[in-house]
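The values are calculated or read from the model by the stated rules, or taken from the named source; none is laboratory data. It should be emphasised that the depicted structure is a prediction, and the values quoted were computed from it without experimental measurement. Note: ideal-geometry Cβ built from the backbone for every residue, glycine included; neighbour counts use all protein chains shown.
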Amino acid sequence: MPNIFSLAAGGLAGVTGIIGLAALYKGLADGQMGIVAPLAAVTTAALPVLLGIFLEGMPSGLHIMGFFIASAAIWLLSVPEKSQKFQWRQISLPITAGVFLGLSLIFIDQAAEQTVLWSLVVARIAAIAVLMALLLIFRKGSMPPKRNYPIVCLVGIFDTGGYTFYALAASTGRLDTAAVLACMYPATTVILAWLLLKERLSRRQWIGVIAAFAAITLIAA
């Protein structure tokens, strides 16, 4: 059975994760995707990297190089072709999202040291409780159409699967390595969009894909 520390860490992972997602979606809804998406992703990866260095020592030179290339890849893959005017007051939401999502990855790593599945169960219960409380307080939002229920369920399954594999990776290896690789999901997104949806990738995105594969090679070395 998991101990109290693992259950508490799992609960904190769920709470910080749902707050981070709320800040991320709010930032995206404000129409600043070109700023919010890359800045939130890089910030999410930066926090576990700093803690991983503090707890586990400096990674190898190849890993450090891979982290920098991965950050560049995330940015290149997330920033749209059309430039947007940058204003410092607009970074509060992506920074908030990145900090809370980064904390969620850290708490999951701490909880997964004792048990992976139970920590994820507690994380989901805590996230649902916070989300329901927010809905009751602000009384906003509506249920999706019934025809979208299968897609919503599929999203939940893939999301839980992603967190499970991250927890397994973090519990068996370095926190910073697992977090950086997990935050490179934009590469998977654009590749799947290219393969399945036949979307055209820009030159910047192709450079980002190549940089992502280079980063993975260096981090896995």
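Of everything listed in (1) assigned to a helix (DSSP H, G or I); (2) surrounded by 13 or more Cβ atoms within 10 Å (Cβ to Cβ); (3) not aromatic (Phe, Trp, Tyr), the single unmet condition for Leu201 is (1).
Within region 111-168, which residues are of a type in the set (Phe, Trp, Tyr) and touching a residue at least 40 places away in the same chain (Cβ under 8 Å)? Step through it out loud before you land on a result.
In the first step, residues of region 111-168 are kept if they are of a type in the set (Phe, Trp, Tyr); the result is 118, 138, 149, 158, 163, 165-166.
Result: Trp118, Tyr163, Tyr166.
For region 3-11, the condition of being assigned to a loop (DSSP other than H, G, I, E, B), farther than 15 Å from Gln110 by Cα, over 17 Å from the mean Cα position of the chain (by Cα) and not basic (Lys, Arg) holds for none of the residues.
Put simply, of Ala182, Ala193 the only residue that is surrounded by 14 or more Cβ atoms within 10 Å (Cβ to Cβ) and either at pLDDT 85 or above or under 25 Å from Ser60 (Cα atoms) (or both) is Ala182.
All of Gly173, Gly141, Gly156 fail the test of being under 19 Å from Glu56 (Cα atoms) and either surrounded by fewer than 11 Cβ atoms within 10 Å (Cβ to Cβ) or modelled with pLDDT under 85 (or both), apart from Gly173. So which residues in region 12-49 are modelled with pLDDT under 75, surrounded by fewer than 19 Cβ atoms within 10 Å (Cβ to Cβ) and assigned to a helix (DSSP H, G or I), if there are any at all? Within region 12-49, Leu28, Ala29, Met33, Gly34 qualify. Examine region 140-161 for a residue that is among the polar types (S, T, N, Q) and in a helix (DSSP H, G or I), and state whether such a residue exists. For region 140-161, residues among the polar types (S, T, N, Q) and in a helix (DSSP H, G or I): present. Is it the case, given these coordinates, that Gly208 is surrounded by fewer than 14 Cβ atoms within 10 Å (Cβ to Cβ), assigned to a helix (DSSP H, G or I), small (Gly, Ala, Ser) and modelled with pLDDT under 85? No; evaluated as a whole, the condition is false for this residue.
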